[in-house]
Amino acid sequence: MTRWDGTGQAAPWGRPPLGRLAALVHTLGVKVYDDYLRWLYRGRRPSWFARLQNRVSAVAFAAGMWPARVAALEVRGRRSGRVISFPVVIADFQGERYLVAMLGERANWVRNARAAGGRAVLRHGRRETVCLDEVPVDERAPILRRYLAVAPGARPHIPIDRTAPIEEFERIAAGVPVFHITTTEPTNVPVDGPGG
């Protein structure tokens, strides 16, 4: 049996070479997915379908499903006073955790977190009361780069390639809020326990 190893040479496992057609299909698939993600947030606001997806994701993330880098962020609405929950990706950088507003300054959670003095709750199988401290613009660039590395769904919304030089991230840092996460109470309280 002949195999292919992706270089066009015979290889023992029986697969054809990936070649240009597969690369084109992959590129088109990524473009279609990026267009879909942009459609969900036309005008940097979530569509009804994005809101529905976010609700489902927030419930799943709060229950502890998927990797530890995702969670449900709960913050009190600045106008309604209701607790609003939605999914977030947590970027880890130099041993610290950060939240990045992929939709920029107009993201509701950013305005709500600022109005609440940074007080919020993260849920990922457990309830964690946190304080979100805004990171100064001149310190955001490496965190933004890390965020794009761990949050592929955010890439279509931040106008820079994740492998760009750090200077490119410095150029856009002022328009993308970043918050440092600080735990304000022990993280070992189960979701169904006190306050859950």
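Read the figures in this text as sums done on the coordinates, not as results from a lab. Remember, predicted model here, so these are calculated numbers, not experimental data. No Cβ is skipped: glycine too gets one built from the backbone with ideal geometry, and neighbour counts run over all protein chains shown.
Computed extension length for residue 133-residue 164: 8.5 nm, one decimal, from 0.36 nm per residue of separation with the Cα-Cα distance subtracted. For the range 82-140, the list of trypsin sites (Lys or Arg not before Pro) that fall in a loop by DSSP and count at most 10 other C-beta atoms within 10 angstrom reads 82.
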